[in-house]
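K.L.:
Quick one: the structure is below, and I'll ask about it shortly.
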């Protein structure tokens with residue numbers, strides 16, 4: 001598979017545990033945030049998103065929390081499975097001068113490894 | 001099947017030889033974008049397009065050109081490739097806010 005990062009933060013968990021992946025974003029003007037999952041050899045895959053007027057959003061087995069005060073985003077994965085092993089990226093964007101949400105800035109990523 | 005298709009998947013070229021990486025989406029999406037991914041630097045946006053004939057620079061546009069003559073296609077052009085453009089490139093498209101970008105499978109470009 002493709003190498004997507006040599007010095008990324010890593011998180012190792014046992015199958016069935018809950019995982020929490022953190023992300024600090026840089027721009028206080030960002031108002032829309034997305035989490036992506038990237039498996040080896042593939043492009044990033046959309047997981048869940050959240051707007052800045054929310055502090056929590058839930059999906060299937062995933063929850064995203066947003067703390068605008070400290071510019072922090074987290075992704076919680078419940079009952080983590082081996083198939084969840086991947087690199088996870090947060091991304092931020094903002095409505096800038098009419099070019100709404102086309103410009104997207106990614107965080108560095110976290111490698112999640114789930115052990116059976 | 002709804003998808004973003006980019007070609008070629010792998011490309012090795014020489015410095016200065018113009019090349020084009022094609023990208024096509026079959027989802028009638030308004031937004032399209034190109035990213036490059038490098039170890040330690042993550043995903044960085046090169047260019048994006050909000051609609052036909054409307055494009056804007058991302059974070060690393062130098063050395064790249066794009067065009068959006070049709071809604072479905074968004075080719076990435078390297079007029080004079082250099083070794084520092086060796087990277088993994090992704091094309092992506094997005095319907096709009098609340099959906100996120102859908103990414104292609106990537107193009108591994110090596111410039112020697």
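K.L.:
Quick check on this structure: which one of B:22, B:110 is within 13 Å of another protein chain (Cβ to nearest Cβ), more than 24 Å from residue A:47 (Cβ to Cβ) and at pLDDT 95 or above? Spell out how you get there, then give the answer.
P.N.:
Numbers: B:22 fails: within 13 Å of another protein chain (Cβ to nearest Cβ).
One residue alone meets the criteria, B:110.
K.L.:
Right, something else. If I go through segment B:34-48 residue by residue, how many of them are within 7 Å of chain A (Cβ to nearest Cβ) and part of a strand (DSSP E or B)?
P.N.:
Total meeting the criteria: 5.
K.L.:
Being closer than 15 Å to residue A:91 by Cα and surrounded by 14 or more Cβ atoms within 10 Å (Cβ to Cβ): is that true of residue B:50 here? Quick ask: steps written out before the conclusion?
P.N.:
Working: closer than 15 Å to residue A:91 by Cα: no; surrounded by 14 or more Cβ atoms within 10 Å (Cβ to Cβ): yes.
Considered against the rule, which asks whether it is closer than 15 Å to residue A:91 by Cα and surrounded by 14 or more Cβ atoms within 10 Å (Cβ to Cβ), residue B:50 comes out as no.
K.L.:
State whether one or more residues within segment B:85-104 are out of contact with any strand residue (DSSP E or B) (no Cβ under 9 Å at 6 or more places or on another chain) and within 11 Å of chain A (Cβ to nearest Cβ).
P.N.:
No.
Listed here are the residues, each with its yes/no results for (1) surrounded by 15 or more Cβ atoms within 10 Å (Cβ to Cβ); (2) part of a loop (DSSP other than H, G, I, E, B); (3) without any contact (Cβ under 8 Å) to a residue 60 or more places away in the chain.
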{"site": "A:42", "(1), (2), (3)": "yes, yes, yes"}
{"site": "A:47", "(1), (2), (3)": "yes, no, yes"}
{"site": "A:57", "(1), (2), (3)": "yes, no, yes"}
{"site": "A:60", "(1), (2), (3)": "no, yes, yes"}
{"site": "A:69", "(1), (2), (3)": "no, yes, yes"}
{"site": "A:88", "(1), (2), (3)": "yes, no, no"}
{"site": "A:92", "(1), (2), (3)": "yes, no, no"}
{"site": "A:103", "(1), (2), (3)": "yes, yes, yes"}
{"site": "A:108", "(1), (2), (3)": "yes, yes, no"}
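K.L.:
Just checking, which of A:9, A:82 is farther than 21 Å from residue B:102 by Cβ and exposed (fewer than 13 other Cβ atoms within 10 Å of the Cβ)?
P.N.:
A:82
K.L.:
Determine, yes or no, whether residue A:83 is out of contact with any helix residue (DSSP H, G or I) (no Cβ under 9 Å at 6 or more places or on another chain), at positive phi and either modelled with pLDDT under 95 or not in a loop (DSSP other than H, G, I, E, B) (or both).
P.N.:
no
The values are calculated or read from the model by the stated rules, or taken from the named source; none is laboratory data. Worth saying up front: this structure is predicted, and the values here are computed from it rather than measured. Quick reminder, even Gly has a Cβ in these numbers, built from the backbone with ideal geometry, and neighbours come from all protein chains shown.
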